[in-house]
Each structure stands twice: as C-alpha cells, then as structure tokens.
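Peer 1: Okay, here's the structure, questions in a sec.
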Amino acid sequence: MSDQILPEIVSNILSRCDVATIGRCRCISKQWYAVIESTHFMKLQVDYATNTISAAVFFKDLFDETLFQAPMRNLDMRSVPIISQVKPFSLVGSCNGLLLLHKNQTPDFCILNSLTKKHVYLPHLLPSSLVGTDRNNDACVNALGYGFGYDSVNDDYKVVRIVQELDPAKTGFLRTEMTVTSVKNRVIKLHEMPYFMEPLANGLFVAGVLHWLMGKYNHEKMHLIVGYDLATNEIRELPLPDLKGERKDLKFEGSTTIGCRVGLGLLRTWLSISTNYGNGMSVGFWAMKEYGIKESWTKLFSFSLAHMSCDLVRPLGLSENDNLVFLELDRKRLILYDRKAKDVTSLMHKAQGEAMVCFRSIAPLPSAKNGQTDEKHQSSQDQKSKRKKRDNFLSKGFKLKL
C-alpha cells in the first residue's frame with residue numbers, strides 16, 4: 001500500500017517529520033528507504049530544518065573537553081559525544097546540521113552530525129603556516145578566526161582560516177590573509193584582505209556566505225560586515241543599518257572605546273546584529289530580512305541587561321513566537337531571555353570561544369579526500385569504551401568476544 005504513494009509526495013511529507021519518525025519510516029518499504037536515503041530528500045530535510053526552530057545551541061564546557069548542546073526553547077543541557085582523536089578542540093562553525101571542530105594547535109578538523117552521531121576526521125586540512133613568499137621573517141602571525149560553510153554550486157563544504165601578520169617593531173598591521181580549503185578535493189585558495197578584526201571570531205554562515213565584523217586598515221570604516229561567498233570566492237562588504245538615530249559614538253566589535261559595542265549573530269535565519277550601549281543599559285537587536293539589502297534592516301526589539309554587566313552581546317537564536325532570545329555575553333556566558341516575563345535564565349559558564357546554533361538535520365557527511373569516517377578510524381580508547389557499553393547490555397555469561 002505504501003508503494004502506491006508517489007515518491008515525490010512521500011519525500012515532501014517525510015521531510016517535515018522529526019528525525020525519529022524519519023528513522024522508523026526507513027523500515028516501511030524498500031521504496032521509502034530509497035526515498036529517505038536519496039540526496040534530494042536530504043536537501044529537502046535540511047532546508048525544512050533550517051527554516052524552522054529545530055535547533056540547539058552548542059558550546060564547549062569551561063573546565064574540560066566536553067561539547068554541550070541546549071535546545072533553544074529551554075536550557076536542558078546534554079553532552080555530545082566526540083572522538084578523542086580531535087581533543088583538545090575548539091568549536092568552529094555550523095552548516096546544514098553539521099558542526100566543525102578544530103583540533104587545537106594542529107591543521108586537523110572533524111565534521112560531526114550531532115544527531116546521527118556520525119563524523120569524518122580531516123587530518124592536515126589546512127596548511128600549518130601562513131602561505132606566501134613575501135613574508136617578513138620577524139613578523140608575528142596570529143590566527144584570528146575560522147569559518148565553515150557549504151558551496152551549493154560545487155556541492156562542497158569549505159573551511160576558512162583568517163590570519164593576521166603583525167610587525168612587532170612598528171606595532172602595526174602588515175596584512176591579513178584568508179586561506180580557503182575545500183573538503184571534497186583539498187583545493188586551497190588564498191585571499192589578501194584590507195581588513196583587521198578581533199581574535200577568536202568565527203564566521204557566521206548565512207545565504208551561502210561567511211560573515212565577520214571587521215575594520216579597514218585605512219580607517220575609512222571602523223565597523224563593517226565582511227562576507228566571503230563560498231561559491232564565487234568573492235569578498236564583499238555588507239551595509240549595516242543606519243544607527244545614527246540611536247547614538248553617534250558607534251564603534252566596531254573589536255573596539256575598546258566606551259560607547260556602543262556591536263555583536264554579529266543569527267536570529268531565526270536572518271543575519272543579525274546587537275547594539276550594546278553602556279554595559280547593557282540598552283541592547284537593541286536588528287535583522288537583515290532581505291539579504292544584502294540595507295533597507296531591509298529592521299529593529300526587532302530592545303531591552304536592558306544592565307544587571308548582567310556585559311560588554312559584548314551576540315544574538316544566537318530566537319524562538320518561533322519571538323519571545324525567547326538566546327544570547328552570548330562576553331564570549332563567556334549564555335543566557336535565555338524571556339521578553340514577556342523580562343526574566344533571564346543563565347547557563348553555566350562556557351569556555352572562551354563562540355557558541356553557535358546548529359539546526360537538527362540528517363545531513364550526510366561530506367565525502368572527503370583522505371578523510372577518516374566513523375568508528376573504524378576512532379582511537380583504540382573510543383573502541384574499548386564502545387565495547388564496554390555494549391557488553392553492559394548483555395546478561396552475565398553472554399559477553400561478546402571480539
């Protein structure tokens with residue numbers, strides 16, 4: 001009976017179901033199994049998940065190498081299992097329901113689907129040092145941030161690193177360079193940029209573009225949204241909303257000057273910013289409702305966080321009824337703000353580094369050259385742990401012999 005329903009109808013209906021239901025529907029028939037495993041269905045489900053509030057906020061624990069997630073509707077925290085091979089790690093980015101983890105002080109990365117528990121480990125994905133023939137040997141090179149996104153034209157995920165070269169003698173900027181590596185075939189592209197930005201700032205992926213808050217070397221503009229289009233390799237500047245009506249002492253995110261601090265984030269699927277005046281006295285939230293159109297910037301709401309004494313506020317997510325707002329404060333604290341009750345619920349302190357929203361989806365892992373996928377390439381410690389858990393399900397005397 002189930003096979004009499006057209007595959008297109010099955011695909012459209014199932015893509016709107018929760019993941020547990022989709023998993024059970026694999027067993028209904030061979031046709032339904034084929035539909036669910038198809039690339040077309042995967043894209044439908046990812047698109048649906050991205051445009052709903054089927055999301056969680058991910059962050060790293062302050063005290064150990066643990067990855068946590070909390071649904072946007074509440075603060076029900078759960079740990080996310082990750083392979084020991086990638087530890088110690090930093091959380092880099094999210095895209096299509098996939099998370100990118102970086103093994104600290106190495107060029108190695110890991111892509112993880114926290115829902116399906118599948119991963120691919122990517123050793124030596126990025127070059128270990130700044131690439132270029134005209135480098136100043138005395139210069140200091142610092143990694144400022146990373147980015148992770150999907151190139152829909154070439155059906156490829158890409159990892160971006162931004163490094164900044166400083167002249168210690170002149171205490172000035174020499175240059176900023178972006179390195180882009182494709183996961184599928186390891187092609188590396190380099191871009192020099194006339195911008196500088198605050199360290200430990202990871203790119204926000206919206207509309208096929210990674211975004212950072214930056215300033216220009218020539219100081220023409222001290223607050224910019226700079227975007228990198230993963231499909232066209234174009235670097236562009238995006239307009240900020242007109243904030244002159246609020247305050248005239250606007251500074252970009254990296255500024256230490258007293259005034260307004262701007263944070264870049266996400267509200268629903270909109271590229272968004274927050275403006276923080278006077279340590280949380282008045283925090284406003286804006287969303288670009290039509291991507292790339294300055295006139296589409298809309299102020300959604302504002303409220304006071306003065307009792308939290310915060311400098312940098314980043315919007316992470318917004319509930320379906322626009323009432324609950326997930327925020328990151330000073331890259332150290334996560335809070336859930338109830339606009340109706342004017343009440344704040346705090347999460348535990350997290351590790352230094354950005355938290356991020358990841359939508360729940362069954363997106364498959366990208367095929368990667370020299371990538372190591374799933375359990376077969378886990379460390380022996382991970383394998384022993386899995387065997388121990390599996391053995392605990394068996395009665396005494398019926399242990400598996402592996």
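The values are calculated or read from the model by the stated rules, or taken from the named source; none is laboratory data. Quick caveat: nothing in here was measured; it's all calculated off a predicted structure. Using ideal geometry, Cβ is built from the backbone for each residue, glycine included, and neighbour counts are taken over all protein chains shown. With ligands, DNA and RNA removed, areas are computed over all heavy atoms of the protein, side chains included. Shrake-Rupley method; radii C 1.70, N 1.55, O 1.52, S 1.80 Å.
Peer 1: Tell me, what is the percent relative contact order of the stretch 78-124, built from C-alpha pairs under 8 Å that lie six or more residues apart?
Peer 2: It comes to 28 percent, rounded to a whole number.
Peer 1: Might you work out the accessible area of residue 117 for me, using a 1.4 Å probe with all protein chains in place, and round it to the nearest 10 Å²?
Peer 2: 110
Peer 1: Then there's this: For residue 16 and residue 33, calculate 0.36 nm times their separation in residues minus their Cα-Cα distance, and state this gained length in nm to one decimal.
Peer 2: On the way: separation 17, 0.36 × 17 = 6.12 nm, distance 1.60 nm.
Separation in residues times 0.36 nm, less the Cα-Cα distance, equals 4.5 nm.
Peer 1: List the residues, sorted by chain then number, that are 5 or more residues from residue 156 or on another chain and whose placed amide H is less than 5 Å from its amide H.
Peer 2: Close amide H contacts, sequence-distant or interchain: 151.
Peer 1: For residue 302 and residue 84 in the same chain, what is the full-extension length gain: residue separation times 0.36 nm, less their Cα-Cα distance, in nm?
Peer 2: Working: separation 218, 0.36 × 218 = 78.48 nm, distance 4.19 nm.
Roughly 74.3 nm would be gained on extension.
Peer 1: Continuing with the same structure: So for 223, 40, what's the accessible-area order with a 1.4 Å probe, most first?
Peer 2: Numbers: 223 65, 40 120 Å².
Greatest to least solvent exposure: 40, 223.
Peer 1: Of 184/294; 60/189; 118/158; 158/350; 244/332; 184/216, which sit over 25 Å apart, Cα to Cα?
Peer 2: On the way: 184/294 35 Å; 60/189 30 Å; 118/158 18 Å; 158/350 27 Å; 244/332 30 Å; 184/216 33 Å.
Distance filter (> 25 Å) returns 184/294; 60/189; 158/350; 244/332; 184/216.
Peer 1: Same structure again: May I ask you to rank 110, 17 by accessible area, largest first, using a 1.4 Å probe over the protein chains only?
Peer 2: Values: 110 5, 17 40 Å².
From most accessible down to least: 17, 110.
Peer 1: Determine the order of 240, 44 by accessible area, beginning with the largest, at a probe radius of 1.4 Å.
Peer 2: Working: 240 20, 44 45 Å².
So the residues, ranked largest to smallest area, are 44, 240.
Peer 1: Here is a follow-up. Measure off 7 Å from each Cα along the Cα-to-Cβ vector at residue 229 and residue 187, then give the distance between these two points in nanometres to one decimal.
Peer 2: Taking the simple label geometry, residue 229 and residue 187 are separated by 1.6 nm.
Peer 1: Something else: Work out, step by step, the length gained on full extension between residue 352 and residue 322: first 0.36 nm times the residue separation, then minus their alpha carbon distance; give nm to one decimal.
Peer 2: Numbers: separation 30, 0.36 × 30 = 10.80 nm, distance 2.79 nm.
Result for the pair: 8.0 nm of gain on full extension.
Peer 1: Which log10 I(q)/I(0) values does the stretch 62-128 give at q = 0.27 Å⁻¹ under the Debye formula, counting every alpha carbon as one identical point scatterer?
Peer 2: At q = 0.27 Å⁻¹ the computed log10 ratios are -1.34.
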